[in-house]
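The values are calculated or read from the model by the stated rules, or taken from the named source; none is laboratory data. Remember, it's a predicted structure, so these values are computed and weren't measured experimentally. Here the Cβ is made from the backbone with ideal geometry for all residues, glycine too, and neighbour counts use every protein chain on show.
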Number of protein chains: 2
Amino acid sequence: MVLVTKITKLLGIKHPIIQGGMQHVGTAPLASAVSNAGGLGILTALTQPTPDDLRKEIIKCRAMTHEPFGVNMTFLPALRLPPYKEYAQVIIEEGVKVVETAGNNPGEYIKMFKEANIKTIHKCVAVRHALTAQRLGVDAVSMDGFECAGHPGEDDITGLILLAKSARKLDIPFIASGGIGDGRGLVAALALGAEGINMGTRFLCTVEAPIHASIKQRMVEADERSTSIVYRPFRNSARVFKNKVAIEVNAIEKRQGVRFEEIAPLVSGIRGKEVFLKGDSDLGIWTAGQVLGLIEDIPTCHDLIYRMMKEAEGIIQKRLQNMVVT
Amino acid sequence: MVLVTKITKLLGIKHPIIQGGMQHVGTAPLASAVSNAGGLGILTALTQPTPDDLRKEIIKCRAMTHEPFGVNMTFLPALRLPPYKEYAQVIIEEGVKVVETAGNNPGEYIKMFKEANIKTIHKCVAVRHALTAQRLGVDAVSMDGFECAGHPGEDDITGLILLAKSARKLDIPFIASGGIGDGRGLVAALALGAEGINMGTRFLCTVEAPIHASIKQRMVEADERSTSIVYRPFRNSARVFKNKVAIEVNAIEKRQGVRFEEIAPLVSGIRGKEVFLKGDSDLGIWTAGQVLGLIEDIPTCHDLIYRMMKEAEGIIQKRLQNMVVT
């Protein structure tokens, strides 16, 4: 079975399942595996140290799949900004078909991508941001609820509300992000009005995810209570795996008038990357969503997507259909 | 159309929609209206000052509907405990068919109700609590996510996760509670594995809810960001309407080592009751869920339920069905 939605048609993919753009993880092996399984794989531009490395990764990914894949561009405030323009130029030159933008002020880049005939999906945590993105001309938005890994914003609005409200307010199609790990969540998202789903943490626990096996195992053993929100005092909340470092960060953050410098050594990006490389889950901060509570195994991307579509078929064709008495 | 589920069969109702047990609100006018519309109305036992008043309210409700309705019994820690046993005795003597229990240690009462052949639904905020309730012999549980009004527990697990996980772990049927205000949410809950839904805040904004019209209006004008969590420092979190009092309470709660006595005058139950009676939404603390973001009108209970079932039918029979290509 396939589910044909506005998103599968827009992106030219088989199943309405999109891999989340994950720093350090969104490389060719994972993205191509998701695309080969009928979803949309996503390379993360900034995982590549230079625009030229991104070009090599795109070429590598294209050698590993004939299906469409996308590239994520995340715009974050930083002292030294990455050469965003050059990354965008590579994406355009290499003929990538879909770009997922995230973070602040992507307007200029959305314009660039649109002119190059690339489909753009912008990641949002609030309906008001999605309406802005819609005005900027994006083709779709990804709505990220409170349960998601990474940055859910400061409003703490959960997927159930955010998606139902997006369905009422948006004209462009939207994707549900955060909290989805199986066929039940997929059908729920479609019922709420989404035209597809985004999965990050769930794809971290697949055979092809390029991270150490012991981190995948730690996630399988974890449950829905194994995440924590850090950076709340700095209004830059991020949901991460509740390891020793996250607990230490949360303790420091309880101090009145805490400054970011007090936690900076604990949360450095280099330490976070080491977690995935060395397989020690307490080496640094790494993002994970509440969907941990629904992750019980480490399948291939193909088996995961196949299983979800099978579950979704059963829910739509049997469970829900059988409840209806006209 | 009707949706026949394990819950509609268990409770002998037409639609899988149950009114939440709301203090000061769950009286005969609202409960009978919900039951007459094909859902399950719920009287709240402790809204009645004495067990004898509860008896009168049950008799009144029975005069207003021939359909089944239930009674909510909430067990909370208190210095002077209400005469729970006598309330339970009245429920049994008056032949009520369904009891919703909530709060701590309902085991003894569940046993009493079961012996009297009353169906019991216990309200839970965590799968581990639901498993305990299942062992105690309840007929169903109501799973209350982070987005709900009132007490969501301290784990902050959202409905998307809590419901999908409940479907995997529980043998008894469960109801989805929190964050549902329309047909989209109803179908999403059923897709996630629930056999019915519970709505509190949404039923507050109906013609029949026995509260001042200006409070209903304030809720229509509010959005999903109009709630706040109070009592977090006391590990008794409650989601309430974000009015002046809630903002003041949150400010006091930020003090290191805050004691409950410092906020007690602001959050008294008498002040909360005054809100509903006098129609001044800033008089005290009153519970409301994130579903505020989905409430745009004040229909009758009949019109609300009819509209939701119509939406649900469209989603199941058309939207989802049309996506499937086998």
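A:L277 fulfils the conditions (1) closer than 24 Å to A:S177 by Cβ; (2) aliphatic (A, V, I, L, M); (3) touching a His at 6+ places or on another chain (Cβ under 7 Å) except for a single criterion, (1). The residues in the stretch A:160-175 that are more than 9 Å from chain B (Cβ to nearest Cβ), surrounded by 24 or more Cβ atoms within 10 Å (Cβ to Cβ) and among the aliphatic types (A, V, I, L, M) can be counted, and the count is 1. Could you grab me the full set of residues in the stretch B:278-299 that are in a loop (DSSP other than H, G, I, E, B) and within 14 Å of chain A (Cβ to nearest Cβ)? Listed by number, the residues that qualify are B:A288, B:G289, B:I295, B:E296, B:D297.
The set of residues in the stretch B:300-323 being free of Cβ contacts under 8 Å to residues at least 24 places away in the same chain, surrounded by 14 or more Cβ atoms within 10 Å (Cβ to Cβ) and either more than 11 Å from chain A (Cβ to nearest Cβ) or not in a helix (DSSP H, G or I) (or both) consists of B:D303 alone.
Only one entry in B:A45, B:A31 is under 17 Å from B:G269 (Cβ atoms), surrounded by 18 or more Cβ atoms within 10 Å (Cβ to Cβ) and among the aliphatic types (A, V, I, L, M), namely B:A45.
Can A:I270 be described as β-branched (V, I, T) and surrounded by 13 or more Cβ atoms within 10 Å (Cβ to Cβ)? So A:I270 fails the test. Applying a threshold of 6 Å to beta carbon distances and a minimum spacing of six or more residues, or different chains, the list of pairs starting in the stretch A:254-269 at a residue that is of a type in the set (A, V, I, L, M) and ending at one that is not in a helix (DSSP H, G or I) reads A:V267/A:I285.
For (1) in contact with a helix residue (DSSP H, G or I) (Cβ under 9 Å, 6 or more places away or on another chain); (2) modelled with pLDDT under 95; (3) closer than 22 Å to B:G272 by Cα, each residue gets a yes or a no:
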site: B:I7; (1), (2), (3): no, no, no
site: B:I18; (1), (2), (3): yes, no, no
site: B:P29; (1), (2), (3): yes, no, yes
site: B:S35; (1), (2), (3): yes, no, no
site: B:T47; (1), (2), (3): yes, no, yes
site: B:D52; (1), (2), (3): yes, no, no
site: B:C61; (1), (2), (3): yes, no, no
site: B:M64; (1), (2), (3): yes, no, no
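In the set B:I58, B:I13, B:I17, only one residue is crowded, with 17+ Cβ neighbours inside 10 Å, among the β-branched types (V, I, T), in contact (Cβ under 8 Å) with a residue 12 or more places away in the chain and within 24 Å of B:A149 (Cα to Cα); that residue is B:I17. If I filter the stretch B:53-60 for residues that are closer than 29 Å to B:I270 by Cα and touching a Ser or Thr at 6+ places or on another chain (Cβ under 7 Å), do I get at least one hit? Yes: the stretch B:53-60 contains one or more residues that are closer than 29 Å to B:I270 by Cα and touching a Ser or Thr at 6+ places or on another chain (Cβ under 7 Å).
Among the residues of the stretch B:214-237, at least one is touching a Phe, Trp or Tyr at 6+ places or on another chain (Cβ under 9 Å) and among the basic types (K, R). Candidates B:L79, B:L43: the one that is out of contact with any His (no Cβ under 9 Å at 6 or more places or on another chain) and in contact (Cβ under 8 Å) with a residue 12 or more places away in the chain is B:L43.
Report whether or not A:G150 is in contact (Cβ under 8 Å) with a residue 12 or more places away in the chain, within 16 Å of B:L163 (Cβ to Cβ) and touching a strand residue (DSSP E or B) at 6+ places or on another chain (Cβ under 9 Å). No. Working only within the stretch B:145-159, note down all residues that are more than 8 Å from chain A (Cβ to nearest Cβ) and within 14 Å of the chain's Cα centre (by Cα). Within the stretch B:145-159, B:C148, B:A149, B:G150, B:H151, B:P152 qualify. Restricting B:V138, B:V127 to those that are in contact with an Asp or Glu (Cβ under 9 Å, 6 or more places away or on another chain) and either surrounded by 23 or more Cβ atoms within 10 Å (Cβ to Cβ) or within 14 Å of chain A (Cβ to nearest Cβ) (or both) reduces the list to B:V127.
For the stretch B:181-207, the set of residues classified as closer than 15 Å to B:A164 by Cα and facing another protein chain (nearest Cβ under 7 Å) consists of B:G185, B:V187, B:A188, B:L190, B:A191, B:L192, B:G193, listed by residue number.
Return the residue satisfying two criteria in turn: it lies in the stretch A:128-157 and is outside any loop (DSSP other than H, G, I, E, B) and among the aliphatic types (A, V, I, L, M), and of such residues it is farthest from A:G200 (Cα to Cα). Filtering first and then ranking leaves A:L136.
The selection criterion, being hydroxyl-bearing (S, T, Y) and either modelled with pLDDT under 95 or in contact with a helix residue (DSSP H, G or I) (Cβ under 8 Å, 6 or more places away or on another chain) (or both), does not hold for B:S237.
Screening A:T326 against (1) away from chain B (no Cβ under 14 Å); (2) surrounded by fewer than 18 Cβ atoms within 10 Å (Cβ to Cβ) leaves a single unmet condition, (1).
Filtering the stretch B:55-110 to residues that are on the phi > 0 side of the Ramachandran plot and touching a Phe, Trp or Tyr at 6+ places or on another chain (Cβ under 7 Å) leaves B:G103, B:N105. In the condition set (1) within 27 Å of B:M1 (Cα to Cα); (2) touching a residue at least 12 places away in the same chain (Cβ under 8 Å), B:A238 is compliant with all but (1).
Mind checking whether some residue in the stretch B:137-146 is of a type in the set (A, V, I, L, M, F, W, C), under 23 Å from B:R319 (Cβ atoms) and touching a Gly at 6+ places or on another chain (Cβ under 9 Å)? No: the stretch B:137-146 contains no residue that is of a type in the set (A, V, I, L, M, F, W, C), under 23 Å from B:R319 (Cβ atoms) and touching a Gly at 6+ places or on another chain (Cβ under 9 Å). Of the helices (runs of 4 or more DSSP H) lying entirely inside the stretch B:12-107, the ones with 1 or more residues being closer than 24 Å to B:G153 by Cβ are found at B:84-93. Take B:I270 and decide whether it is over 25 Å from B:I157 (Cβ atoms), hydrophobic (A, V, I, L, M, F, W, C) and modelled with pLDDT under 95. So B:I270 passes the test.
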